[in-house]
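What follows is a short report on a single structure.
The values are calculated or read from the model by the stated rules, or taken from the named source; none is laboratory data. As the structure is a computational prediction, the values presented were derived from the model and not from experiment. Don't worry about glycine lacking a Cβ; one is built from the backbone with ideal geometry, like all the others, and counts go over all protein chains shown. For accessibility, only protein heavy atoms count, side chains too; no ligands or nucleic acids. Shrake-Rupley method; radii C 1.70, N 1.55, O 1.52, S 1.80 Å.
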Amino acid sequence: MDNLPRFTAAAVQAAPVYLDAAATVDKAIALIAEAAAAGAELVVFPEVFVPGYPYWNWTMTPVQGSPWFERLYRSAIDVPGPYVDQLRAAARQYGVVLVIGVNERGPYSLGVLYNTLLTIGPDGELLGVHRKLVPTWAEKLTWTGGDGSSLRVHPTPVGPLGALACGENTNTLARFTLLAQGELVHASCYIALPVAPADYDMADAIAVRTAAHSFEGKVFSVVACSTISPEIVDTIAGDDEDVRRMLARPRSALSGIFGPDGRPVTEPLIDTEGIVYAEIDLAKCIQPKQMHDIVGHYNRFDVFQLHVDNRPRTPVTFATDPAHPAGPLTAGPLTAGPLTAEPAAIPKEDA
């Protein structure tokens, strides 16, 4: 406790190579190398960075968007799998703690996709696979919800680290679950959202949510948001000028690093690609706790209780065959937690 971590954090604001997992992972690795060369020990990427966000859910009818869903599914990744291995190798090579969002194919049902955050240690160990609990609004056309088994805080060289995806950062109970496990560093992963209602300022919304969690929990938050590239605009909008104008809307992305007082540690980045760096000193989390510690003295646990069901959920559970206690009738691979899943290989589209 006398030597709380001090380190440089990096929040990556970038666009994926849209719907191309291989090229996007290559881009991520190049950005990890760049951040590590600048001294970063924690690198946070946007939500579903690999290989991108289903913007067609907001610009097309569900029927029109269905072929796009298949395209995303085919370009999504398996966890574990070769692309995850590449990211693990990069974290190990550059000695960074890595948080990155991916589209994960479900291991049981053809067509299931999860909005997943991977947390990887500097030794390349896959520490966490968090599936977004509730896809937001139009996202329900694409992703299946996760379960409580991945609401975990991971011990890392940069401190106790938790992560949530986009709208989950408005879920008070999910945030409290992480804080109550001792979270001191929070990764918030977002996508640029130019498709929101006209009076919705996504950059402000991200800043408000991030400041709220940092101030309430007296923690540091690293928020990383994707951007809208010309490639994404061309892919989604085509010749539709109304959609092109919508996707070009300003103040749709914000990335930065916020301190335990709720204020940005350095100037956030809005809309453009880049990396935000800041020095984090976890010792600065101590004194603010004296005023309000919502997981300590500033709570009434005799009045309030939070129960979290952290059991992994599977499509079916079989009663164990008494003659073969460890035999084939036991439940599938996810009963041991999401890190043990071995998804079946999915055929890819021909180049």
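Side notes on the structure shown:
Results for (1) open to solvent by 10 Å² or more (accessible area, probe 1.4 Å); (2) in a loop (DSSP other than H, G, I, E, B), shown as yes or no for each residue.
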{"site": "Leu118", "(1), (2)": "no, no"}
{"site": "Pro122", "(1), (2)": "yes, yes"}
{"site": "Lys140", "(1), (2)": "yes, no"}
{"site": "Gly146", "(1), (2)": "yes, yes"}
{"site": "Arg152", "(1), (2)": "yes, yes"}
{"site": "Val158", "(1), (2)": "no, yes"}
{"site": "Gly162", "(1), (2)": "no, no"}
{"site": "Gly182", "(1), (2)": "yes, yes"}
{"site": "Ala192", "(1), (2)": "no, yes"}
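- Selected residue (criterion: farthest from the chain's Cα centre (by Cα)) from residues of the range 59-86 that are open to solvent by less than 50 Å² (accessible area, probe 1.4 Å) and of a type in the set (A, V, I, L, M): Met60
- Test: residue in the range 320-340 that is at pLDDT 90 or above and under 22 Å from the mean Cα position of the chain (by Cα): no
- When the range 248-268 is filtered for residues that are open to solvent by less than 40 Å² (accessible area, probe 1.4 Å) and not β-branched (Val, Ile, Thr), the ones remaining, listed by number, are Ser252, Ala253, Leu254, Ser255, Gly256, Phe258, Gly259, Pro260, Gly262, Pro268.
- For the range 287-324, a residue qualifies if it is touching a Pro at 6+ places or on another chain (Cβ under 9 Å) and open to solvent by less than 100 Å² (accessible area, probe 1.4 Å), and the qualifying residues are Pro288, Lys289, Pro312, Thr314, Asp321.
- For Arg131, the conditions (1) open to solvent by 10 Å² or more (accessible area, probe 1.4 Å); (2) farther than 24 Å from Gly217 by Cα; (3) among the charged types (D, E, K, R) are fulfilled apart from (2).
- Top-ranked residue in the range 232-246 [being assigned to a helix (DSSP H, G or I) and of a type outside the set (A, V, I, L, M); ranked as most open to solvent (accessible area, probe 1.4 Å)]: Arg245
- For the range 89-105, the set of residues classified as more than 19 Å from Ala22 (Cα to Cα), outside any strand (DSSP E or B) and either aromatic (Phe, Trp, Tyr) or open to solvent by less than 10 Å² (accessible area, probe 1.4 Å) (or both) consists of Tyr94, Val96, listed by residue number.
- Boolean, Pro135 is in contact (Cβ under 8 Å) with a residue 40 or more places away in the chain and part of a loop (DSSP other than H, G, I, E, B): no
- Flag if Arg209 is open to solvent by 30 Å² or more (accessible area, probe 1.4 Å) and either modelled with pLDDT of 95 or more or under 30 Å from Glu70 (Cα atoms) (or both): yes
- Residue match in the range 150-164 (condition: under 20 Å from Thr314 (Cβ atoms) and touching a Gly at 6+ places or on another chain (Cβ under 7 Å)): yes
- In the range 218-231, the qualifying residues are those that are part of a strand (DSSP E or B) and in contact with a Leu (Cβ under 9 Å, 6 or more places away or on another chain), and the one that is farthest from Val295 (Cα to Cα) is Cys225.
- Any hit, the range 113-130, residues being among the polar types (S, T, N, Q), over 17 Å from the mean Cα position of the chain (by Cα) and more than 21 Å from Ala40 (Cβ to Cβ): no
- Every residue from the range 1-40 that is of a type in the set (D, E, K, R) and either buried (at least 24 other Cβ atoms within 10 Å of the Cβ) or in contact with a helix residue (DSSP H, G or I) (Cβ under 9 Å, 6 or more places away or on another chain) (or both): Arg6, Asp20, Asp26
- Restricting the range 246-294 to residues that are of a type in the set (Ser, Thr, Tyr) and in contact with a Cys (Cβ under 9 Å, 6 or more places away or on another chain), the residue that is farthest from Cys225 (Cα to Cα): Ser252
- No other residue among Gly256, Gly296, Gly262 is in a loop (DSSP other than H, G, I, E, B) and either of a type in the set (Asp, Glu) or within 26 Å of the chain's Cα centre (by Cα) (or both) apart from Gly262.
- Matching option when the condition is among the acidic types (Asp, Glu), within 18 Å of the chain's Cα centre (by Cα) and at pLDDT 95 or above, among Glu34, Glu104: Glu104
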